[in-house]
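Student: This is the structure I have questions about; it appears just below.
The values are calculated or read from the model by the stated rules, or taken from the named source; none is laboratory data. As the structure is a computational prediction, the values presented were derived from the model and not from experiment. Neighbour counts are summed over all protein chains in view; Cβ atoms, including those assigned to glycine, are modelled from backbone coordinates with ideal geometry. To get the accessible areas, we keep the full protein, side chains included, count just its heavy atoms, and leave off ligands, DNA and RNA. Shrake-Rupley method; radii C 1.70, N 1.55, O 1.52, S 1.80 Å.
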Amino acid sequence: MKIITKLLLVISFFAITLNANTQEASTVIDKMIQAYGGEKNLKQLNAYEQVWHIETKTSKKNGTDYRKVALPDFLRTELVYPDKNEIRVIIKDYGTKQYGNKKFQAQGPMLDAMKLQLMRLYSPLTLKKKLKNITLEDEKDHYVLTISKGSISAKYFVSKKTFFIDKVVGNLKINGNAMAFLTIYKDYKAQHGVMFPHTEVKYAGGINTAVMSLKEMRFVRAPKVRHHL
């Protein structure tokens, strides 16, 4: 009887802790929504198109990123370089890659990396909808919101001063080894009432791969997409 009582107390403790964590995460996300421009304006981030200049740090060949986003499930990225083109498309858990005329289904770590590319673009409204799957950590300068999905996870570092996302760290495993993809966000400016970063600094496995500058952005209607491409 004592064992059952102790077990119930432990379960009750974890339930209270989990509920408190969820409430705290909700408070942080509500402040993010206000900082980014309010719920009405943030709804524009449900679907948008962008053009980014890519300053490549691992070679001398810069490029352009044509990005189409429909949260929370769709991302199409077309990377155009002087000597090659690449198209990545992900819809929920299904992804494809295309190099020139060669197109194939993404699987394994390649697909996981594409999922993380989509997850890092989640807006505060998207995070609010996924609150049940979010945990919160309190660091010195940031609140850290974490979403885990199978073998991958994304950590959103939210500034305690501005309530903007300063960086996102995506984690996955490749052949059993952990690998992190870091994106740092800078130069927040208003786009039709929504605060949005105009600079992305990208790292893969600790290596600075690119600095990206936003050139164009427009909000659009969410496209009708098929679950299989």
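Student: So is Ile147 under 23 Å from Ala113 (Cβ atoms) and buried (at least 16 other Cβ atoms within 10 Å of the Cβ) or not? Quick ask: steps written out before the conclusion?
Tutor: Working: under 23 Å from Ala113 (Cβ atoms): yes; buried (at least 16 other Cβ atoms within 10 Å of the Cβ): yes.
Answer is yes for this residue.
Student: Pick out the one residue from Glu55, Glu24 that is closer than 15 Å to Leu131 by Cβ and surrounded by fewer than 16 Cβ atoms within 10 Å (Cβ to Cβ).
Tutor: After ruling out the rest, the residue left standing is Glu24.
Student: Would you mention how many residues in the range 172-184 are closer than 26 Å to Asn46 by Cβ and open to solvent by 20 Å² or more (accessible area, probe 1.4 Å)?
Tutor: Final tally of qualifying residues: 3.
Student: Let me ask another. Scan Lys97, Lys60, Lys43, Lys68 and give me the residue that is without any contact (Cβ under 8 Å) to a residue 60 or more places away in the chain and either open to solvent by 30 Å² or more (accessible area, probe 1.4 Å) or part of a helix (DSSP H, G or I) (or both).
Tutor: That would be Lys60, the only listed residue that is without any contact (Cβ under 8 Å) to a residue 60 or more places away in the chain and either open to solvent by 30 Å² or more (accessible area, probe 1.4 Å) or part of a helix (DSSP H, G or I) (or both).
Student: If you don't mind, there's one more thing I want to ask. When the residues of the range 118-133 are narrowed to those that are surrounded by 20 or more Cβ atoms within 10 Å (Cβ to Cβ) and in contact with a strand residue (DSSP E or B) (Cβ under 8 Å, 6 or more places away or on another chain), which ends up nearest to Tyr185 (Cα to Cα)?
Tutor: Among them, the one singled out is Arg120.
Student: Go through the range 185-198 residue by residue and tally those that are open to solvent by 70 Å² or more (accessible area, probe 1.4 Å) and either free of Cβ contacts under 8 Å to residues at least 60 places away in the same chain or assigned to a strand (DSSP E or B) (or both).
Tutor: Going through the range 185-198 one residue at a time, the tally reaches 3.
Student: Here is a further query. Just one of Pro109, Pro82 is under 19 Å from Ser213 (Cα atoms) and outside any strand (DSSP E or B); which is it?
Tutor: Working: Pro109 fails: under 19 Å from Ser213 (Cα atoms).
Criteria check complete, one pass: Pro82.
Student: Let me ask something additional. Quickly run through the range 80-105 and pick out the residues that are under 30 Å from Lys43 (Cα atoms) and at pLDDT 95 or above.
Tutor: Val80, Glu86, Ile87, Arg88, Val89, Ile90, Ile91, Tyr94, Gly95, Thr96, Lys97
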